[in-house]
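The values are calculated or read from the model by the stated rules, or taken from the named source; none is laboratory data. Nothing here was measured: the structure is a model prediction, and the numbers come from that model. FYI the Cβ positions are ideal-geometry reconstructions off the backbone, even for glycines, and counts take in every protein chain you see.
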Amino acid sequence: MPERRSPPTERVTQVLNLLAEHGGAPLSLAVVAERLDLSKPTCLGILTTLTETGFVHRTEDKTYRLGPALTRIGRAAEGGIAPLDVLVPYLHALHVDLGLSCLLTTLRDGDLVVVGRVGAITVGGPRDLVGERFPAVPPLGLPELLWSSDQVVDSWLEQPPLLPVAPRRGTLRTLVKEARASGFLIERLTEAPAARNDVLAELVTSGMTASVIATLRGYLPDADWEEYAAAVPDGTVDVATIHAPVHDHYGNQRYTISVVVARRRVPARTCAAWTRTIADRAREASAAIGGWSPWER
């Protein structure tokens, strides 16, 4: 049975879509009618009804643009749909394109929360990770807030760190600026047998007593911002993870896509291709939830 369609409804949606495509630029009745191949009386009737309901705003010079009622509907839609249903397919695409495992994280109530995963994060690892929370306290959480405002980054830095951090604020400021411009952050593999931040995250959520955790933390190497890069180094690079932000419609960093590489001596050309793909997918994911990056405007 063929689907029943409503031509009047289609004309209304065409008008709204046309105004949306032009952002905040108002259009005249004549332009809207011509673009959509509608008669002026029909077009005027649609615009008048949409104006009365607040979906369209009529300016003093008799042009039209989207109205305030759509903001309310957009917010309701954003809260009603599960953004993860929209974003997880981008993780799957990265997993297929790169053959690497991916995580989707967000900040919630001061914690770093894993909300999506595609692929095994550790070889033979039984843990799903989704739903796990870790404190967003230095050095943990940098990729999840680097593309937020300077105030957010500063507030994070002011917290007592879980580990001693090398006092290189200038290095961090440069890193933040470069990562905002490039759209990605590379976390290098260190010489330690296991990634320090991974061990630290496991430790602070282990449930052991504070005194035991404090003792074990003393065996971990200090944190150093030199372990991150916002550009692909020449030659080869030891890569732990590559991160890229997903922004919401306010331009805030809402999620972070992290691709787990865990490989040494990755050729620069390969690493550059990965970072481009990851940053591009993150931008597409942002657009899919109506987001945009304030650092790329």
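Looking only at residues that are among the hydrophobic types (A, V, I, L, M, F, W, C) and touching a Pro at 6+ places or on another chain (Cβ under 8 Å) in region 272-297, which one is surrounded by the most Cβ atoms within 10 Å (Cβ to Cβ)? Filtering region 272-297 for residues that are among the hydrophobic types (A, V, I, L, M, F, W, C) and touching a Pro at 6+ places or on another chain (Cβ under 8 Å), the one surrounded by the most Cβ atoms within 10 Å (Cβ to Cβ) comes out as Ala282.
When Asp248, Asp238, Asp234 are checked against the criterion of being in contact with a strand residue (DSSP E or B) (Cβ under 9 Å, 6 or more places away or on another chain), farther than 25 Å from Ala120 by Cβ and modelled with pLDDT under 95, a single residue qualifies: Asp248. Scanning region 127-156 for residues that are within 17 Å of the chain's Cα centre (by Cα), surrounded by 17 or more Cβ atoms within 10 Å (Cβ to Cβ) and outside any helix (DSSP H, G or I) yields Ala136, Gly141, Leu146, Trp147, Ser148.
Residues that are within 10 Å of Trp225 (Cβ to Cβ) and either of a type in the set (Phe, Trp, Tyr) or not in a loop (DSSP other than H, G, I, E, B) (or both) within region 157-171 comprise Val165, Arg169, Gly170, Thr171, listed in sequence order. Take the conditions (1) more than 17 Å from Leu100 (Cβ to Cβ); (2) at pLDDT 95 or above; Gly290 misses just one of them, which is (2). Is it fair to say Val204 is surrounded by 14 or more Cβ atoms within 10 Å (Cβ to Cβ), modelled with pLDDT under 85, assigned by TED's automatic domain parsing to the domain that holds Gly119 and of a type outside the set (Lys, Arg)? So Val204 passes the test. When the criteria are applied in full, Thr174 meets the requirement of being over 20 Å from the mean Cα position of the chain (by Cα) and either outside any loop (DSSP other than H, G, I, E, B) or modelled with pLDDT of 85 or more (or both). Among residues of region 20-43 that are farther than 19 Å from Pro68 by Cβ, those with a Cβ under 8 angstrom from a residue that is in a helix (DSSP H, G or I) and charged (D, E, K, R), sequence gap 6+ or separate chain, pair up as Leu29/Lys40; Ala30/Lys40; Ala33/Lys40; Leu36/Arg11; Leu38/Arg11; Thr42/Arg11.
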